[in-house]
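Enquirer: Below is the structure I would like to discuss, written out as structure tokens.
The values are calculated or read from the model by the stated rules, or taken from the named source; none is laboratory data. Fair warning: this is a prediction, and the values are worked out from it, not measured in the lab. Every residue, glycine among them, receives a Cβ derived from its backbone with ideal geometry; neighbour counts consider all protein chains shown.
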Amino acid sequence: MLNAGTRLLRRIVVTVLGVVILGVGIAMLVLPGPGFLVVALGFFVLSLEYEWARSRFEKARQKAADLADQAAAKPLYSVFTILFGLAMVAAGVVWIVVDTLPASSPWSGGSIIFSGLVVLSTMIVSLWQARQARAAGQPTPAELIERRQQAEHTESAEHTESTGPGRPAAGP
């Protein structure tokens, strides 16, 4: 059993690490990189200590998986994503080798390479899952997402129809 001091130190380390990873993930939502995957990782780290982070981790993990599955569903998106991942790996190598580039260092180049490898591995897993589902005669993950979205849209439309536009739903 951990004593109070060790528990507090663990909580501080997990919190700082989780917030840093979460911040990097949020930045990657607009910068090159696998933003939703890194956000999910940040919430996963925080979920080791915080209950509220567990549900957010699940939502971020699902969003990252949905995006990867949707990219795997369309050949053009798959090709673009694979080329993007390879380009990130190449750019990371260039960032390490060419000293005249801004912020050129093994750290910045390594982080770009890591991001490219995460993009590639996510795409490969999504393509593999889609192939496995097709081989088993099951719907692919992207098809399941599409069905879920259609069901939500239909449910929302039915709710609007039953309550009428601009009128609140009747209470219980």
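Enquirer: State whether one or more residues within the range 143-155 are touching a helix residue (DSSP H, G or I) at 6+ places or on another chain (Cβ under 7 Å), touching a residue at least 24 places away in the same chain (Cβ under 8 Å) and either over 18 Å from Leu29 (Cα atoms) or part of a helix (DSSP H, G or I) (or both).
Expert: Yes - at least one qualifying residue is present in the range 143-155.
Enquirer: Across the range 55-88, which residue is surrounded by the most Cβ atoms within 10 Å (Cβ to Cβ) among those that are of a type in the set (Asp, Glu) and either within 25 Å of Arg134 (Cβ to Cβ) or in contact with a His (Cβ under 9 Å, 6 or more places away or on another chain) (or both)?
Expert: Restricting to residues being of a type in the set (Asp, Glu) and either within 25 Å of Arg134 (Cβ to Cβ) or in contact with a His (Cβ under 9 Å, 6 or more places away or on another chain) (or both), the top hit is Asp69.
Enquirer: Here are some conditions: (1) over 15 Å from the mean Cα position of the chain (by Cα); (2) surrounded by 19 or more Cβ atoms within 10 Å (Cβ to Cβ). Trp52 meets all but one. Which one does it not meet?
Expert: (2)
Enquirer: While we're on this one: Which count do you get for residues in the range 71-106 that are farther than 24 Å from Met123 by Cα and part of a helix (DSSP H, G or I)?
Expert: 3
Enquirer: Within the range 15-23, is even one residue part of a helix (DSSP H, G or I) and either within 18 Å of Ala142 (Cα to Cα) or modelled with pLDDT under 85 (or both)?
Expert: No, the range 15-23 contains no residue that is part of a helix (DSSP H, G or I) and either within 18 Å of Ala142 (Cα to Cα) or modelled with pLDDT under 85 (or both).
Enquirer: Output the number of residues of the range 34-49 satisfying the condition of being under 8 Å from the mean Cα position of the chain (by Cα) and either among the polar types (S, T, N, Q) or part of a helix (DSSP H, G or I) (or both).
Expert: Of the residues in that region, 6 qualify.
Enquirer: Six or more apart or on different chains, Cβ atoms under 6 Å: show the pairs whose first residue is in the range 108-128 and farther than 22 Å from Val98 by Cβ and whose second is polar (S, T, N, Q) and part of a helix (DSSP H, G or I).
Expert: Met123/Thr81
Enquirer: If Ser115 passes every condition in (1) over 19 Å from the mean Cα position of the chain (by Cα); (2) of a type in the set (Ser, Thr, Tyr); (3) part of a helix (DSSP H, G or I) but one, which one does it miss?
Expert: (1)
Enquirer: Out of all the residues in the range 1-26, which are under 30 Å from Leu86 (Cβ atoms), of a type in the set (A, V, I, L, M) and surrounded by 13 or more Cβ atoms within 10 Å (Cβ to Cβ)?
Expert: Residues satisfying the conditions are Leu17, Ile21, Leu22, Val24, Ile26.
Enquirer: Moving on. Go through the range 89-139 and report how many residues are exposed (fewer than 13 other Cβ atoms within 10 Å of the Cβ) and among the polar types (S, T, N, Q).
Expert: Total meeting the criteria: 4.
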